[in-house]
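Heads up: the structure comes next, in structure tokens.
The values are calculated or read from the model by the stated rules, or taken from the named source; none is laboratory data. The shown structure was predicted, so the numbers you read here are calculated from the model rather than taken from an experiment. With ideal geometry, Cβ positions are generated from the backbone for all residues, glycine too; neighbour counts draw on all protein chains shown.
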Amino acid sequence: MADKAMSVLTDAKAGLTVQIDKLSTVVADSPVADVYTTVFGGTTLKVFIIDWLPLLLMVILPALCLLFVACGICGKKKSSAGNRVVRKIGLAVKADVRMFRSGSNLGPKGRKAGSKEEAAIKKKAASPPGGKGGRYY
């Protein structure tokens, strides 16, 4: 198991070295080489990527995140209890409006047709059981 892990790590290191050498060739052929030499001096790209880049990322990225948090660009917006209550009331009002709108369309003639049906039901309930003769059929 340890031999297999060591061979995988060796292959990864070899692949990384090849990619860094290719990157060094590309940087040396472009005008970036002059800027690189001006900024970093005699430090080779390989040494910079392996030694300095992780260190700079560990120092610069947290400071950048703190700057974004201070400006309010990122982070969750915290809502107060008052905002939650107002949101619940708004939801209840919307539900009430929807219920009112759905109840007002009881028939093709609207509220009047519903009132007529309601009066007919009340009249039928007030009559004696069994109809006119009082007998159950």
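Right, Asp51: within 24 Å of Leu16 (Cα to Cα) and charged (D, E, K, R) or not? For Asp51, the condition - within 24 Å of Leu16 (Cα to Cα) and charged (D, E, K, R) - is met.
Cβ-Cβ distances below 9 Å connect the following pairs, each with a first residue in region 48-76 that is over 24 Å from Ser24 (Cβ atoms), a second residue that is part of a loop (DSSP other than H, G, I, E, B) and modelled with pLDDT under 85, and a separation of six or more residues or different chains: Cys65/Cys74; Leu67/Ile73; Phe68/Cys74; Phe68/Gly75; Val69/Gly75.
Being surrounded by fewer than 10 Cβ atoms within 10 Å (Cβ to Cβ) and part of a helix (DSSP H, G or I) holds for only one residue in Arg101, Arg87, and it is Arg101. Taking region 1-71 and the helices (runs of 4 or more DSSP H) fully enclosed by it, the elements with 1 or more residues that are modelled with pLDDT of 85 or more are at 2-29, 53-71. With respect to the stated conditions, Cys65 fails to be surrounded by fewer than 10 Cβ atoms within 10 Å (Cβ to Cβ) and on the phi < 0 side of the Ramachandran plot.
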